[in-house]
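Below is one structure; the comments refer to it alone.
The values are calculated or read from the model by the stated rules, or taken from the named source; none is laboratory data. On a predicted model such as this, the values are computed, not experimentally measured, just so you know. A quick note on method: Cβ atoms are made from the backbone with ideal geometry, for glycine too, and the neighbour counts reach across all protein chains shown. The protein model used for the area step is the full one, side chains on, heavy atoms only, and it has no ligands, DNA or RNA in it. Shrake-Rupley method; radii C 1.70, N 1.55, O 1.52, S 1.80 Å.
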Amino acid sequence: MLRRLASLPLRRPAAALLAAGVRCISSGSVEITLPLNFWAGKRRTGPEKCSKDIVYEPATGRVLCQLEPCGAVEVDQAVKAAKLAFGYWSKMSGMERARVMIEAAHIIESKREEIAEMEVVNNGKSITEARLDVDSARLCIEYYAGLASTLAGQHVQLPGGSFAYTRREPLGVCVGIGAWNYPFQIAAWKSAPALACGNSMVFKPSPVTPVTAVMLAEIYAKAGVPEGLFNVVQGGQETGSLLCQHPDVAKVSFTGSVPTGQKIMEMASKGVKPVTLELGGKSPLLIFKDSDLENAVRGALMANFLSQGQVCSNGTRVFVQKDILPEFVKEVVKRTQAIEIGDPLLESTRMGALVSQPHLDKVLSFVDRAKKEGATVLCGGESYVPSDPKLRGGYYMTPCVLGNCTDDMTCVKEEIFGPVMSVLPFETEDEVLQRANDTSLGLAAGVFTRHRAGERPGDDRVLLPTEDCVCGDGRCRQPLLDHPATASQSCALRQRL
């Protein structure tokens, strides 16, 4: 048996593949001319006279491509293609669906570097982060492929020899509306559970980052899904409205801002469509004096500056116990100033460009307002111009740490969605728990302490961290790539009696 295993062809590790290869693209060298809409198994062009939106490359500020927004005719064609594919896909067994999804995951693995590079070009995040996003997408698809064959109903024994049973049935055509911070990953997170359950999907990416969702559509097609099972329609608010109100759409899943989520819920309610919303956050990070300071500093940096701070679950309200506040602030500022900003396609870069010029302006305006309200800029918070001439039009800023913050400041209450950390002192556990929960944007939470729940001296309560907590025992933990919690939002089944 050992000889047989030794003779099997093995995949080369990703690191070896990277070392053996040469980067195919560089910042400022890409221009996309292929159509970005996809339905019924292939890329589609829009109407000849339709207006086109310009998409920019964040790293350089140059034009990357032109987007053809979909109108009522194109949306209807995509939904009809999805409805037709649903008829075939929903009749397949879970095992049959799983085989196709596993094949899609294998294709993603083989195209890891290509997908990651395009994600960087379109989004501006560093290549090291983009690779992990592609891995997360692949592992999510693998996870739900494993669940596809386990979906089952219930058998209930009734009096008199009678019985009842339930069946779990797919809903039909699901709509996914993605955000610009994790374009490829969110497309996979929304489609994988929906497809595993037997549904089809029409996905609309953010018009700011339209490129990689269509790559996923081509991967699914190559893996063997029926034509029209996963479709991509490009556009902004109008396209999203058409999808939410289409009579053949059975469910809507959205990731994005609170105001947009409210509008989507209102539109979907008119058709009594179930809606899943993953919206904004202003998450607290609690750092107690008994924590491992080195670990707490690393956790705070990750929780604020990952993906240029453009993460909804980031721990942007950093509560630090007063006993360790000076030491913590000194170390955080030192390491924040050392973060290498620049070309996101370089391996050495740790912070790339923000996604767009309007968003960069918005983040910088939050810093200006924080100063006016009494906060102190301990470091960063300014536009940054890289030395490389080709990057000088890009959307860069220096990561910012704000001190002297209070709970009533705008920078503490509102989601900034950029590399801005607000540091707030606290004295007691009762105090900080009350302050941490005083928000309308609760999404995640983190606690740094050496004591487990209920072990703090004199504390007989149990602190229960949420699923998204950074840690609970003093060890900073990277999120598991194959954790399905966020992906389950698109799992669409009805239980029929």
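Sequence-ordered 3J(HN,Hα) estimates for the stretch 414-429 from the Karplus curve with 6.51, -1.76 and 1.60 and θ = phi - 60° stand at 10, 6, 8, 6, x, x, 10, 9, 9, 9, 10, x, 8, 10, 10, 5 Hz, glycine and proline given as x.
Derived from the Cα gyration tensor, the three semi-axes of the equivalent ellipsoid of the stretch 382-450 are 32, 13, 12 Å, largest first. For the chain, the fraction of 1.4 Å probe accessible surface lying on carbon and sulfur atoms is 54 percent. Taking amide H atoms as placed 1.01 Å from N in the peptide plane, the amide H of Arg44 lies under 5 Å from those of Asn37, Phe38, Trp39, each 5 or more residues away in sequence or on another chain.
Projecting label points 7 angstrom from Cα along Cα→Cβ for Ser29 and Glu347 puts them 1.6 nm apart.
Computed over the Cα atoms of the chain, the ratio of the radius of gyration to the Kirkwood radius (Rg/Rh) comes to 0.99. Checking the table Lys52/Lys204; Lys125/Lys190; Lys282/Lys372; Lys190/Lys251; Lys52/Lys222 against a 23 Å threshold on Cα-Cα, which pairs fail? Violating the 23 Å limit, Cα to Cα: Lys52/Lys222. Amide H contacts of Met397 (H built 1.01 Å from N, in plane; Pro and chain starts excluded): Leu354, Tyr384 sit under 5 Å, all sequence-distant by 5 or more or on other chains.
Taking every DSSP bridge with both residues inside the chain, close to 35 percent are antiparallel. Can you tell me how the stretch 106-197 classifies by the Cα gyration tensor, rounded, prolate or oblate, using a/c under 1.5 as the rounded cut? Prolate shape, in that a/c is at least 1.5 and a/b is the bigger ratio. Taken over the alpha carbons of the stretch 325-458 as equal point scatterers, the Debye sum produces base-10 log I(q)/I(0) values at 0.19, 0.20, 0.22 Å⁻¹ of -1.18, -1.26, -1.39. Using θ = phi - 60° in the Karplus curve 6.51 cos²θ - 1.76 cosθ + 1.60, the 3J(HN,Hα) couplings for the stretch 259-266 round to x, 5, x, 5, 5, 5, 4, 5 Hz; x is entered for Gly and Pro. Taking amide H atoms as placed 1.01 Å from N in the peptide plane, the amide H of Tyr56 lies under 5 Å from those of Leu64, each 5 or more residues away in sequence or on another chain.
With each label modelled as a point 7 angstrom along the Cα→C-beta vector, the Arg43-Lys322 pair spans 6.1 nm. All Cα-Cα separations within the stretch 71-119 were binned at 5 Å from zero, giving a P(r) of 5, 17, 13, 14, 15, 21, 14, 1, each value a whole percent of the pairs. Note on the stretch 225-276: Cα-Cα pairs beyond 19 Å make up 27% of the total pair count. The stretch 183-252 and the stretch 63-82 have their alpha-carbon centroids 11 Å apart. For helix 94-110, what angle does its Cα long axis make with the longest principal axis of the chain, in degrees from 0 to 90 and rounded to 10? So the inclination is approximately 50 degrees. Take the Cα radius of gyration of the stretch 300-381 and divide it by 2.2 N^0.38 Å, N being the number of residues; the result is 1.18. Its alpha carbons considered, the stretch 213-309 gives a radius of gyration followed by a Dmax of 19.7, 57 Å. Short to long, the 10 Å bins of the Cα pair-distance histogram for the stretch 35-104 hold 17, 32, 26, 20, 5 percent of all pairs. Per residue, the chain exposes an accessible area of 46 Å² to a 1.4 Å probe, with every protein chain left in place. With each label modelled as a point 7 angstrom along the Cα→C-beta vector, the Asn404-Lys222 pair spans 5.6 nm. Computed 3J(HN,Hα) for the stretch 385-402, one whole-Hz value per residue from the Karplus formula 6.51 cos²θ - 1.76 cosθ + 1.60 where θ = phi - 60°, is 10, x, 6, 5, x, 6, 9, 5, x, x, 9, 10, 8, 7, x, 10, 10, 9, glycine and proline marked x. The C-alpha atoms of the stretch 23-141 occupy a region whose extents along the principal axes are 47, 39, 17 Å, arranged from largest to smallest. Quick one: angle between helix 325-337 and the longest Cα principal axis of the chain, in degrees between 0 and 90, rounded to 10, please. With both axes taken from Cα atoms, the answer is about 60 degrees.
A Förster distance of 30 Å, applied to the separation of the beta-carbon atoms of Arg369 and Glu294, puts the FRET efficiency at 0.40.
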